[in-house]
Amino acid sequence: HAHAFSSYKAHGFPWDEVKPLSCAPRRWDKRSRGTLDDALGGYMMTLVDGADTLAVMGLYEELGETLETVTRELSFDRDVTVSTFEATIRVLGGLLSLHYLATEPRVWGRAAGV
């Protein structure tokens, strides 16, 4: 996970995903695959979706940075057509996990000991 997450941050952030062969970001605002890119929406899906894994792995410093980034930069003010399925499982699910992790004292109690 650490390799994939750092590669996303280096090559794909703030876009939703990284293309596996070129390591270029998949951009919601520059369609390269027609309407297939509409599903993205520009919500930093990989960052939001993968954040809970950081806590599970004990990567609390990275989790804190991710929480700050999501709070500061995530916006839903876009005129795009998105996949309800992708938005629900990746964005809504990721945000619910982040909210829980950010407010759960047992998570941050462990983080203080790191």
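Give Ser7, Ser22, Ser32 a once-over and let me know the one that is in a loop (DSSP other than H, G, I, E, B), hydroxyl-bearing (Ser, Thr, Tyr) and at pLDDT 85 or above.
Working: Ser7 fails: in a loop (DSSP other than H, G, I, E, B); Ser32 fails: at pLDDT 85 or above.
The match here is Ser22.
Could you list, ordered by first residue, the pairs with Cβ atoms under 9 Å in which the first is in the range 5-19 and at negative phi and hydrophobic (A, V, I, L, M, F, W, C) and the second is open to solvent by less than 50 Å² (accessible area, probe 1.4 Å) and at pLDDT below 85, at least 6 apart or interchain?
Within 9 Å, the pairs are Trp15/Arg26; Trp15/Leu40; Trp15/Gly42; Val18/Arg26.
Across the range 5-21, what is the number of residues that are over 22 Å from Ala55 (Cα atoms) and loosely packed, with under 12 Cβ neighbours inside 10 Å?
The qualifying residues number 2.
Return the only residue of Ala51, Ala24, Ala2, Ala87 being within 30 Å of Gly109 (Cα to Cα), over 11 Å from the mean Cα position of the chain (by Cα) and either open to solvent by 80 Å² or more (accessible area, probe 1.4 Å) or among the aliphatic types (A, V, I, L, M) (or both). Step through it out loud before you land on a result.
Values: Ala51 fails: over 11 Å from the mean Cα position of the chain (by Cα); Ala24 fails: within 30 Å of Gly109 (Cα to Cα); Ala87 fails: within 30 Å of Gly109 (Cα to Cα).
After applying the criteria, what remains is Ala2.
Taking the condition of being surrounded by 15 or more Cβ atoms within 10 Å (Cβ to Cβ) and over 10 Å from the mean Cα position of the chain (by Cα), how many residues in the range 68-84 meet it? Talk me through it step by step, then tell me what you get.
As a first pass, look at the range 68-84 and keep what is surrounded by 15 or more Cβ atoms within 10 Å (Cβ to Cβ): 69-70, 74, 82.
From what is left, the residues that are over 10 Å from the mean Cα position of the chain (by Cα) are 82.
Of the residues in the range 68-84, 1 are surrounded by 15 or more Cβ atoms within 10 Å (Cβ to Cβ) and over 10 Å from the mean Cα position of the chain (by Cα).
The values are calculated or read from the model by the stated rules, or taken from the named source; none is laboratory data. Predicted, not measured: the structure shown is a model, and the values here were computed from it. Every residue, glycine among them, receives a Cβ derived from its backbone with ideal geometry; neighbour counts consider all protein chains shown. For accessibility, only protein heavy atoms count, side chains too; no ligands or nucleic acids. Shrake-Rupley method; radii C 1.70, N 1.55, O 1.52, S 1.80 Å.
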